[in-house]
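Read the figures in this text as sums done on the coordinates, not as results from a lab. Keep in mind the model is a prediction, meaning the values are calculated, not measured. Don't worry about glycine lacking a Cβ; one is built from the backbone with ideal geometry, like all the others, and counts go over all protein chains shown.
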Ligand SMILES: Nc1nc(=O)c2c([nH]1)NC[C@@H]1CN(c3ccc(C(=O)N[C@@H](CCC(=O)O)C(=O)O)cc3)CN21
Ligand SMILES: CC(C)C(=O)C(=O)O
Ligand SMILES: [Mg+2]
């Protein structure tokens, strides 16, 4: 029997050099499948807005959306450690709403921890949430909720000055009490330096091979999202044509009168 994962496991895995495998999930069936495979951590990402709801970015995603999807994931009773994203505008305005919304993802959603984007600028917010014993995962570098400041989904931390800023962000997130931090869209040499400098695990996405763990969006690795194909995605399956084939066969059989047959009906 697999044991329930906790934040203590991730600390140990970093110390022992065991990589941490993380995937996003937003629903019951997908969670059951990846959990049975032994995924360490599941992120109910606000990327749900892009890959499930069809928005161009994550900004429209609401607390209601996040709670709905987190509940669906938790119904699969995963052994993996489940982290839920705090969506845009749920933690940026003031510490009180940040604490309330983090608490709601745990209380109503059932998540074990929350993730929020930012570095030095959100250190106080991270402390405010960890103070009420809700573990927080940081997320720095290419932070999709900062899309309009970055002028697009662009690699961050290029050049010495920007790299120093990102190192300061990483240290601020750790000092504020985060149990782990996502490094997204940064040069791999910088990710390696940050990973060596921090005592908490780093989880990379578009950050090279030297992080303590890796996260990708499940729809991306299954070939189910054609909107974005960043360089950092590896497709482990091409499900879209398979699903298309099944749908085409169904349509043809219904039109041709070969489905349903009598054995699919009731007497
Ligand atoms: N399906 C999906 N996967 C993701 O990883 C993801 C989302 N959606 N939505 C929210 C953000 C958006 N993300 C993205 C989207 C595009 C690039 C991209 O095209 N990057 C360029 C580099 C651009 C540059 O710096 O010049 C690349 O070639 O990878 C990166 C991250 C990551 N997140
Ligand atoms: C890709 C990960 C890091 C994320 O924040 C998301 O899926 O929303
Ligand atoms: Mg996210």
(request) Could you check how many residues of segment 168-179 are under 29 Å from residue 229 (Cβ atoms) and out of contact with any helix residue (DSSP H, G or I) (no Cβ under 6 Å at 6 or more places or on another chain)? (result) 1
(message) Which of the numbered conditions does residue 224 fail, given that it passes all the others? Conditions: (1) touching a helix residue (DSSP H, G or I) at 6+ places or on another chain (Cβ under 9 Å); (2) crowded, with 23+ Cβ neighbours inside 10 Å.
(response) (2)
(request) Look through 81, 153 and report the one residue that is within 16 Å of ligand 2 (Cβ to nearest atom), over 21 Å from residue 185 (Cα atoms) and within 18 Å of the chain's Cα centre (by Cα). (result) 81
(message) Looking only at segment 18-48, count every residue that is in a helix (DSSP H, G or I) and under 12 Å from the mean Cα position of the chain (by Cα) and tell me the total.
(response) 1
(message) I'd like to know if segment 224-231 contains one or more residues that are within 21 Å of residue 80 (Cβ to Cβ) and part of a strand (DSSP E or B).
(response) no
(message) Just the residues that are more than 14 Å from residue 230 (Cα to Cα) and either in contact (Cβ under 8 Å) with a residue 24 or more places away in the chain or assigned to a helix (DSSP H, G or I) (or both), please, taken from segment 144-155.
(response) 145, 146, 147, 148, 149, 150
(request) State whether the residues of segment 178-192 include one that is within 20 Å of the chain's Cα centre (by Cα), assigned to a helix (DSSP H, G or I) and away from ligand 2 (no atom under 12 Å from the Cβ). (result) yes
(message) If I go through segment 49-78 residue by residue, how many of them are within 11 Å of ligand 2 (Cβ to nearest atom), in a loop (DSSP other than H, G, I, E, B) and crowded, with 21+ Cβ neighbours inside 10 Å?
(response) 2
